[in-house]
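Written below as structure tokens is the structure these notes are about.
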Amino acid sequence: MEKVVIEKIPNTKEIKGVKRWEEEKGEFVQIAYQEEIHHLAIFEIRKGFLRGNHYHRKKEEIFYVFRGKLRALFMDMESLQKEERVLEKGEKIRIKPLCGHFFYALEDALLAEYSPQVYEEEDTYKINLG
């Protein structure tokens, strides 16, 4: 699906840009590199709960999974094409405008969300993906 890009963040400190690594003192994650950010949030989803079930006409959203495992469902609101994925720690998900989405926690999960656009409530359109 063209409106969703999922990438595994490289597990190394030896490169410039987006990366992650774990060491004795803890995990370090550089989620964004040279990106404009106007909205940033950290949130958790407890096992058995979901978040989302909406889309945005203007806002692009980028998520990073710090911990946990999630079932994600995406739907292109123009073509109605659907895609389901299991997301895990270390993955970055970029969701383009006009892509419905929800995350269902298979395990307790912690995520970061950021966007190059400011959050506007009137740009959130509720849907029921399941």
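Okay, here's what the table says:
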item: Residue order, fewest to most surrounding Cβ atoms within 10 angstrom, among LYS3, LYS58; result: LYS58, LYS3
item: GNM flexibility winner over the chain from ILE42, ILE31, ILE62 (Cα, springs under 10 Å); result: ILE42
item: Largest-first principal axis extents, alpha carbons of the chain, Å; result: 43, 32, 25
item: Max mean-square fluctuation residue, GNM over the chain, Cα-Cα springs under 10 Å, options GLU120, GLU60, GLU24; result: GLU24
item: Debye, to nearest 20: dipole size of the chain, +1 on Lys, Arg Cβ, -1 on Asp, Glu Cβ; result: 260
item: Fewest-first sequence of GLU35, GLU113, GLU107 by Cβ atoms within 10 Å of each Cβ; result: GLU35, GLU107, GLU113
item: Max mean-square fluctuation residue, GNM over the chain, Cα-Cα springs under 10 Å, options LYS89, LYS16, LYS59; result: LYS16
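Laboratory data are not the source of any read-out in this text; all were calculated from the coordinates shown. The structure presented is a predicted model; accordingly, all values stated were derived computationally and were not measured. Reconstructed Cβ throughout: ideal geometry from the backbone, glycine too, with neighbour counts over all protein chains shown.
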